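Here the structure comes first, spelled out in C-alpha cells, and everything after it is commentary.
The values are calculated or read from the model by the stated rules, or taken from the named source; none is laboratory data. Here the structure is a predicted model, which is why all the values come from computation and not from measurement. Note that each Cβ is placed from the backbone with ideal geometry, even for glycine, and that neighbours are counted across all protein chains shown.
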Amino acid sequence: MSEQGPLRVAVVGSGPAGFYATSHLLGAELAIEVDLIDRLPTPWGLVRLGVAPDHPKIKAVSRAFEKIASREGFRFLGNVDVGKDLTSTELEALYDAVVYCVGAQTDRRLGIPGEDLPGSWAATEFVAWYNGHPDYQHLSFDLTGERAVVIGNGNVAIDVARMLALTADELGPTDTTGEAIEAIVGSGIQEILMLGRRGPVQGAFTPTEVQELGELADADVIVDPSDLDLDAASEAELADAPGTTKRNIDLLREFSTRTPAGSSRAIRLQFFASPVAIIGTERVEGIEIVHNELVVGDDGRMRAVPTDERETVPCGIVFRSVGYLGVPISGVPFDDGRATFRNEQGRVCDDAGAPRNGTYCAGWIKRGPTGVIGTNKKDATETAEALLDDARSGRLADGPSGKTASEVDAFLAERSIEAVSYRGWEAIDAVERERGEAEGRPRVKLATWDELLEAARDAAGAR
C-alpha cells in the first residue's frame, strides 16, 4: 500500500463479479480507491450482453451496480483491454492490487466433424449478436431453414431456443437489436430441436427457464413422455435432488401431456441424444445424433453412454451450447485443465502454489462457469476479503506502490488509450434510453464501437 494515499485497486472486468468485488472493497474500513476496468465502453458484462432481452427482472440487478458506482472512490475505465492495451505486468505495477474478474470468454467445442461448417455457431455468438455486443454485429445468421438445432441442456440453450420462438409482440418491449428482431420474426424456422446428452433429471436448466417455454405466445413445447420414464438410478438421483430439479421434472411432465395447439413454431426437447457429426457440403444441412443410455460412473454420477442407435435430422442451423472456457492473460498463471486462473480462494498462485502478492481473481475465471448472477456475490466477497486480509497483515507491502488516479490516466493517455469514464457510460445510457423511449422500449442499444465511443466522447472527463 502506498504511504502517500489510499490503497489503489484495479478490478478487471465489470460484470457481476467485478461489481460485487468492488462493493466489498469500497465498504471496508481501509481507505481504498477502485478503478473498474473493462475492454468494452459499457459496464455490467453479461447482465447487459448475455442475459436474454426478455428477462428484464434479471437485468434490473444493474440498478444495484449503479449504486456501487456512485460510491466514493469508484472509477470506471472502459475501452481498456488488459493484455492488449497494456500487459498484466504493467497493470500490476500501476496498482497496489489487481482483481481479475474477466469471466469465461470462449466456448467449449464439441470436437465432431462438421463443427466449423457455415451455419454451425457457438450459442454465445448468437446471444451476443441479438444483445448488441459491438464485436458481433457483423455476423449474419441464416434463419431461413425450417429446423434449428440447439445442442445443450442449460439455461443458455433454453434462452436461444426461446428467443428463436418469440413473436414480434414478445420481442417488441425488449432491448433486442432491431436487426435481430427482424431476423427472428421473419425466419422460416418451424421447429427448434434442443438436444440433451443425458436425461431430464441431469438437465442444467432452472425451473424459471423451463416454465417460460410453456408460456410462449405462439410456440408449442413438445416432450416425449417416454423420456420421463426414469430408470431406478435416475429416480434415486431425483429423490436426493434439490427442489429445483424436482420442479423441472414436474414442468416437463406437464409439457408431455399437452396436445400441440398448432402454433407457428414448436420447441422439441429431446433427451438422451448426442451429436456425432454436423452434416453438409458447403453449409449445415443436418445433424447426425446417437441415442444414449445412462450408467452410473465411478464418481457416482450418471454418465451418457452411446448405443448403436443413430439418426440424421435435417436442419438449417446449429447452435452449440455446451459450456464456456476461461481464456488466459499473458503473465497470469493459468490452469489449463480447469481453464481458470490458478488460485487458492481467490489468491492467484504461481505454478508451485505460492500466492502472488497483490494478484487476485473472482467469478468464472476463478471457479469456472457455474452458478447464477447471485453466486458471484459470495465468490467475489471471498476474494475481496483475501485482499483485505493481505492488506491488513502487510502482505502487500512487498508489492508495487499504487499510482494515483491522475498517474494512471497519464499512462493511458501516453499509450493513446481512449478510456471511457463512468460519465461516458452514462452518456451512452442516456442516448440508448432516449432512443428506446421513442419506440416504447427500455432502450435501443448503440451496437457498434464507433457509436459507443462517439456517445462517450460527449461526456469526456474522468469521474
Breaking point among (1) within 25 Å of Pro355 (Cα to Cα); (2) part of a helix (DSSP H, G or I), for Arg63: (1)
Selection from region 298-308 of residues that are over 16 Å from Asp240 (Cβ atoms) and either in a strand (DSSP E or B) or touching a Lys or Arg at 6+ places or on another chain (Cβ under 6 Å) (or both): Arg303, Ala304, Val305, Pro306, Thr307, Asp308
Failed criterion for Pro306 (all others in (1) surrounded by fewer than 20 Cβ atoms within 10 Å (Cβ to Cβ); (2) within 18 Å of Pro225 (Cβ to Cβ); (3) more than 27 Å from the chain's Cα centre (by Cα); (4) not basic (Lys, Arg) hold): (2)
Some residue of region 319-341 being exposed (fewer than 14 other Cβ atoms within 10 Å of the Cβ), in contact (Cβ under 8 Å) with a residue 40 or more places away in the chain and assigned to a loop (DSSP other than H, G, I, E, B): yes
Sole exception among (1) closer than 18 Å to Val9 by Cα; (2) at pLDDT 95 or above; (3) polar (S, T, N, Q); (4) out of contact with any Phe, Trp or Tyr (no Cβ under 9 Å at 6 or more places or on another chain) for Ser421, by number: (4)
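Scanning region 36-53 for residues that are among the hydrophobic types (A, V, I, L, M, F, W, C) and in contact with a Lys or Arg (Cβ under 8 Å, 6 or more places away or on another chain), which turns out nearest to Thr87 (Cα to Cα)?
At the first step, the residues of region 36-53 found to be among the hydrophobic types (A, V, I, L, M, F, W, C) are 36-37, 40, 44, 46-47, 49, 51-52.
Filter once more, so that each one left must be in contact with a Lys or Arg (Cβ under 8 Å, 6 or more places away or on another chain): 36, 47, 51-52.
Details: Leu36: 16, Val47: 27, Val51: 30, Ala52: 33 Å.
Applying the filter and picking the extreme gives Leu36.
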Unique match (being surrounded by 13 or more Cβ atoms within 10 Å (Cβ to Cβ), closer than 28 Å to Val127 by Cβ and either without any contact (Cβ under 8 Å) to a residue 40 or more places away in the chain or of a type in the set (Ser, Thr, Tyr) (or both)) among Glu254, Glu288: Glu288
Any chance Ala233 is among the small types (Gly, Ala, Ser), touching a residue at least 12 places away in the same chain (Cβ under 8 Å), closer than 17 Å to Leu193 by Cβ and in the same structural domain as Gly203 (by TED's automatic domain parsing): no
Failed condition for Ile287, given (1) at pLDDT 95 or above; (2) in the same structural domain as Ala122 (by TED's automatic domain parsing); (3) out of contact with any Cys (no Cβ under 7 Å at 6 or more places or on another chain): (3)
Filter pass, Arg109 being at pLDDT below 95, outside any helix (DSSP H, G or I) and not small (Gly, Ala, Ser): yes
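Need a quick list: helices (runs of 4 or more DSSP H) entirely within region 360-463 having at least 2 residues that are within 27 Å of the chain's Cα centre (by Cα).
364-367, 375-392, 422-439, 449-457
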Selected residue [among the β-branched types (Val, Ile, Thr), at pLDDT below 95 and over 21 Å from Thr448 (Cα atoms)] from Val150, Val156: Val156
Of the criteria (1) crowded, with 22+ Cβ neighbours inside 10 Å; (2) farther than 25 Å from Thr404 by Cβ, which one Ser62 fails: (1)
Search result, residues across region 213-249 that are under 21 Å from Val372 (Cβ atoms) and buried (at least 17 other Cβ atoms within 10 Å of the Cβ): Leu213, Thr245, Asn248, Ile249
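Considering every residue within region 263-275, establish whether at least one is touching a helix residue (DSSP H, G or I) at 6+ places or on another chain (Cβ under 6 Å) and in a helix (DSSP H, G or I). Steps first, answer last, please.
If we filter region 263-275 for residues that are touching a helix residue (DSSP H, G or I) at 6+ places or on another chain (Cβ under 6 Å), which is where we start, we get 265, 267, 271.
Narrowing further to those that are in a helix (DSSP H, G or I): none.
No, there is no match, as no residue in region 263-275 is touching a helix residue (DSSP H, G or I) at 6+ places or on another chain (Cβ under 6 Å) and in a helix (DSSP H, G or I).
Given Gly78, Gly83, Gly111, Gly103, which one is surrounded by fewer than 14 Cβ atoms within 10 Å (Cβ to Cβ), over 23 Å from Ala31 (Cα atoms) and under 22 Å from the mean Cα position of the chain (by Cα)? Quick ask: steps written out before the conclusion?
Numbers: Gly78 fails: surrounded by fewer than 14 Cβ atoms within 10 Å (Cβ to Cβ); Gly83 fails: surrounded by fewer than 14 Cβ atoms within 10 Å (Cβ to Cβ); Gly103 fails: surrounded by fewer than 14 Cβ atoms within 10 Å (Cβ to Cβ).
Checking each option against the conditions leaves just Gly111.
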